[in-house]
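To start, the structure under review is shown below, and the notes come after it.
The values are calculated or read from the model by the stated rules, or taken from the named source; none is laboratory data. What you are looking at is a predicted structure, and each value in this text was computed from that prediction instead of being measured. Here Cβ is always computed from backbone atoms with ideal geometry, including for glycine, and neighbour counts include all displayed protein chains. Areas reflect the complete protein model, heavy atoms only, side chains present, ligands, DNA and RNA absent. Shrake-Rupley method; radii C 1.70, N 1.55, O 1.52, S 1.80 Å.
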Amino acid sequence: MRKTQYFILFSSLSFFVSATFIDTNQVKVADRESFLDTIPSSFGYGRKATQAEIDRLDIDVRPDGKGLPKGEGISAKGKVIFESKCVACHGVGGIGGPNGSLVANKTPTDKRREKTIGNYWPYATTVFDYVRRAMPFNEPGSLSNEEVYHLTAYLLNANGIIDEKAVINAQTLPKVEMPAKNLFVPDDRKGGAEIR
Amino acid sequence: MKLDKIVEITQRYPEKLSRRKLLGGLATAAVAIVQTAKGQTIQKAVSENAIYEDPTKKFGTPAGEIGTRSPYVKSVKKLSDISSRSPLQDFYGIITPSDLHFERHHAGVPAIDPNKHELLIHGLVEKPLVFTVADLKRFPSVSRIAFIECSGNFRGGKDNLTPQEICGLTSQSEWTGVKLSTLFNEVGVKPNASWFLAEGGDAAVMTRSIPVKKGWEDSIIAYAQNGEPLRPEQGFPVRLFNPGWEGNTSVKWLRRIELSDAPYYTREETSKYTEPIKEGKYRIFSFDMDARSIITFPSFPQQVEKGWIEIRGLAWSGRGKVVKVEVSTDAGKNWQIAQLNDPILDKAHVQFRYLWQWKGEETEILSRVTDETGYTQPTLKQLFEARGSDGGYHMNPITAWQIKKDGKVFFKPETFK
């Protein structure tokens with residue numbers, strides 16, 4: 001008797017289940033699930049990256065200093081490099097120049113304040129990262145780590161952020177406090193009726 | 001005289017200049033292929049008029065290996081120092097022809113050999129892997145029609161601007177590639193990975209930090225666009241594509257992804273692609289592109305005639321589907337619902353149209369879009385008020401066109417300072 005009861009219960013359940021599957025959304029979800037089930041946990045495509053390969057490409061630097069290489073720099077040496085390789089685009093002392101100022105002009109002629117490393121860059125590590133990966137514009141990626149440290153020291157000093165004698169390296173650079181550190185807030189737009 | 005110049009002149013003065021006059025010396029050896037009574041094929045000199053004024057009297061161009069545009073169609077991108085803009089006013093439907101897709105790059109278009117190009121994924125992963133382009137193509141593939149818009153896509157200030165000049169840094173393609181989530185599974189992304197760095201193989205070695213969540217949701221590692229491999233200007237052979245997000249995050253010529261537990265604060269996400277808001281603050285990591293629309297016909301420098309005019313345009317949202325486009329033909333006093341042409345896709349340009357009978361009065365025509373989150377495209381004034389600033393990235397204001405009594409159309413520049 002109990003068997004029969006179970007059977008009735010089972011058949012009514014299965015009817016209920018198949019009825020819900022008529023709903024198109026349900027069918028789509030079910031299809032997607034069955035598709036996902038057939039994906040292997042690994043396709044085995046690609047090859048394992050060696051540490052040497054990773055090291056060759058992994059040039060990024062984070063605000064906490066992760067990624068900074070050995071070496072160090074000082075402003076005076078950076079100034080010499082700047083005057084030969086950067087001045088044409090960024091102006092004498094990092095002010096003016098066709099491709100943007102890097103140093104805040106103390107006597108601005110323009111009403112709109114130009115955004116520079118000194119007043120707009122929240123982290124000093126970004127200077128090192130960007131100069132190393134993309135500068136100089138006509139010879140990107142040509143500077144040695146040492147030269148990049150020198151230039152970073154020069155640009156920070158020219159902006160009045162570090163002392164002329166300060167030595168910039170993997171330990172000191174992440175500790176440099178930038179004037180623009182608290183200028184930024186995360187995106188608060190989220191759609192909906194409100195204009196932000 | 002160059003052919004395109006001739007075409008331009010004939011379009012401008014069709015009644016004054018015959019093609020014969022213009023072609024002059026160009027077509028000295030005009031011939032036709034003729035079958036003789038004996039079945040021989042010979043070439044016979046014919047008068048130029050016979051050939052050029054009646055295409056049914058001349059055998060046409062044979063089949064070619066690659067298609068061409070008619071010499072009568074002149075549709076080009078508008079160059080600036082750092083970019084080139086899509087001619088939105090020339091487009092039909094929702095797909096941007098690949099060679100008219102806007103361009104923005106930070107150190108030029110790199111020449112990459114696809115057989116040597118590789119994508120490295122490393123950092124907070126179980127197994128760092130290197131994929132060749134061929135490897136990437138073996139994974140399950142997805143295709144999606146969606147727009148890419150640069151977040152610095154608004155120009156104004158003068159009345160002689162075309163749609164292309166106002167906001168031509170948006171384009172739409174069908175993108176094909178492998179879901180980034182598929183690759184995340186393959187390398188085994190660790191649970192503490194919250195961001196990833198995407199790095200390009202161009203001379204800027206351009207980098208952006210992207211929340212890992214986006215990668216699990218809908219990012220694509222794209223290798224094809226509109227049915228063919230990516231164009232070099234669009235990231236050949238491989239690019240990241242983040243649907244609905246500011247174009248700069250869709251890093252082209254992708255060579256490396258590093259999983260991390262923090263963002264990197266690269267130059268492109270700090271000193272650039274950040275925008276002023278209230279109280280002297282600046283918005284950072286503003287990824288979503290807010291909903292926007294623009295009437296592309298009629299627009300400057302066109303001139304309309306009295307009678308029925310189908311107002312046409314494009315609308316889109318980076319947050320989902322367009323649900324409504326409204327058009328005003330009385331300078332924003334009244335708004336009517338525009339027709340949306342299928343398909344209406346998620347995070348995609350949608351075509352809208354509205355039939356209007358213009359009786360010759362001076363007026364302004366405008367469009368505004370509402371997306372599925374309930375967001376309605378604001379006016380420039382509303383944007384300025386909400387942000388307490390006068391511009392920057394992520395400007396998506398309602399665009400108004402002035403219709404003059406003679407039917408000439410001008411952009412309506414707005415200033416509030």
(message) Can you give me the distance in nm between label points at B:E372 and B:E228, each placed 7 Å from the Cα along the Cα-to-Cβ direction?
(response) 3.2 nm
(message) At a threshold of 8 angstrom on Cα-Cα distance, excluding pairs fewer than six apart, so keeping six or more, what relative contact order does segment B:321-417 reach in percent?
(response) 26 percent
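Rounding to the nearest 20 debye, state how big the charge dipole of segment B:197-268 is about its Cα centre with +1 on each Lys and Arg Cβ and -1 on each Asp and Glu Cβ. Intermediate values should be presented prior to the final figure.
Values: 9 positive and 10 negative charges, 16 e Å.
Here segment B:197-268 has a charge dipole of around 80 debye.
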(request) Please report the Cα spread of chain B along all three principal axes, rounded to whole Å, starting with the longest. (result) 82, 60, 36
(request) Using a Gaussian network model of chain B whose springs link C-alpha atoms within less than 10 Å, name the residue from B:K78, B:K404, B:K58 with the highest mean-square fluctuation. (result) B:K58
(request) With springs only between Cα atoms under 10 Å apart, run a GNM on chain B and tell me which of B:K74, B:K272, B:K381 wobbles the most. (result) B:K74
(request) Would you kindly find the accessible area of A:F43, with a 1.4 Å probe and non-protein molecules such as ligands, DNA and RNA excluded, rounding to the nearest 10 Å²? (result) 50 Å²
(message) In segment B:93-273, if the dipole is taken from +1 on Lys/Arg beta carbons and -1 on Asp/Glu beta carbons about the Cα centre, which of B:A203, B:N192, B:L240 is farthest to the positive end?
(response) B:N192
(message) On the principal axes of its Cα set, how long, how wide and how thick is segment B:248-317? Give whole Å, largest value first.
(response) 61, 38, 20
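Beyond 18 Å between alpha-carbons counts as too far, so tell me which of A:K190/B:K321; B:K381/B:K405; B:K278/B:K381; B:K190/B:K214 fall in that bin.
Details: A:K190/B:K321 15 Å; B:K381/B:K405 27 Å; B:K278/B:K381 14 Å; B:K190/B:K214 15 Å.
Correct reply: B:K381/B:K405.
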(message) Report, in listed order, any pair from A:K79/A:K165; A:K70/A:K175; A:K85/B:K78; B:K359/B:K408; A:K165/B:K272 with a Cα-Cα distance greater than 21 Å.
(response) A:K85/B:K78; A:K165/B:K272
(request) Among B:W401, B:T370, B:Q382, flag the residue with its Cα farthest along the positive direction of the charge dipole of segment B:369-417, charges on Cβ as +1 for Lys/Arg and -1 for Asp/Glu. (result) B:W401
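Nothing charged except the Cβ atoms of Lys and Arg (+1) and of Asp and Glu (-1): what's the magnitude of the dipole of segment B:292-411 about its Cα centre? Round to the nearest 20 debye. Display every interim value, and only then the final one.
On the way: 16 positive and 14 negative charges, 12 e Å.
Approximately 60 debye in magnitude.
At 25 °C and 0.890 mPa s, what whole-number value in µm²/s does Stokes-Einstein give for the translational diffusion of segment A:65-187, with Rh from the Kirkwood sum over Cα pairs? Write out the running numbers ahead of the final one.
Numbers: Rh = 14.5 Å.
It comes out at roughly 169 µm²/s.
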(message) Counting only Cα atoms, I'd like the Rg/Rh figure for segment A:43-105, Kirkwood definition for Rh.
(response) 1.21
(request) Using a 1.4 Å probe on the heavy atoms of the protein chains only, list every residue of segment B:238-281 that has 30 Å² or more less accessible area in the complete assembly than in its chain alone. (result) B:R255, B:R256, B:E258, B:Y264, B:Y265, B:R267, B:T270, B:S271, B:K281
(message) Keeping all protein chains in place and using 1.4 angstrom, which order do A:R133, A:R196 fall into by accessible surface area, from largest down?
(response) A:R196, A:R133
(message) Give me the one-decimal nm value for the distance between modelled label points at B:R138 and B:Y92, 7 Å along each residue's Cα-to-Cβ direction.
(response) 4.3 nm
(request) Would you tell me the accessible area of B:Y273, worked out with a 1.4 angstrom probe on the heavy atoms of the protein chains, in Å² to the nearest 10? (result) 10 Å²
(message) On the principal axes of its Cα set, how long, how wide and how thick is segment B:292-411? Give whole Å, largest value first.
(response) 38, 36, 24
(message) Leaving ligands and nucleic acids out of the surface, order B:D54, B:D371 by accessible area at 1.4 Å, largest first.
(response) B:D54, B:D371
(message) Before we go on, tell me the buried accessible area for the B/A pair, both chains summed, 1.4 Å probe, in Å² to the nearest 100.
(response) 4400 Å²
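Treating only the Cβ of Lys, Arg, Asp and Glu as charged (+1, +1, -1, -1), what charge dipole size does chain B show about its Cα centre? Round to the nearest 20 debye. Please report the intermediate quantities before stating the final value.
Values: 57 positive and 50 negative charges, 197 e Å.
It works out to roughly 940 debye.
In square nanometres, what is one fourth of the surface area of the convex hull spanned by the alpha carbons of segment B:93-273? Don't skip to the end; give the middle numbers.
Values: hull surface 42.7 nm².
For segment B:93-273, the mean projected area of the Cα convex hull comes to 10.7 nm².
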(message) As a test of reading the structure, rank B:K190, A:K106 by solvent-accessible area (1.4 Å probe, protein chains only), most first.
(response) A:K106, B:K190
(request) Along Cα→Cβ, 7 Å out, is where each label goes; now give me the distance between the ones at A:E53 and B:D159 in nm to one decimal. (result) 6.1 nm
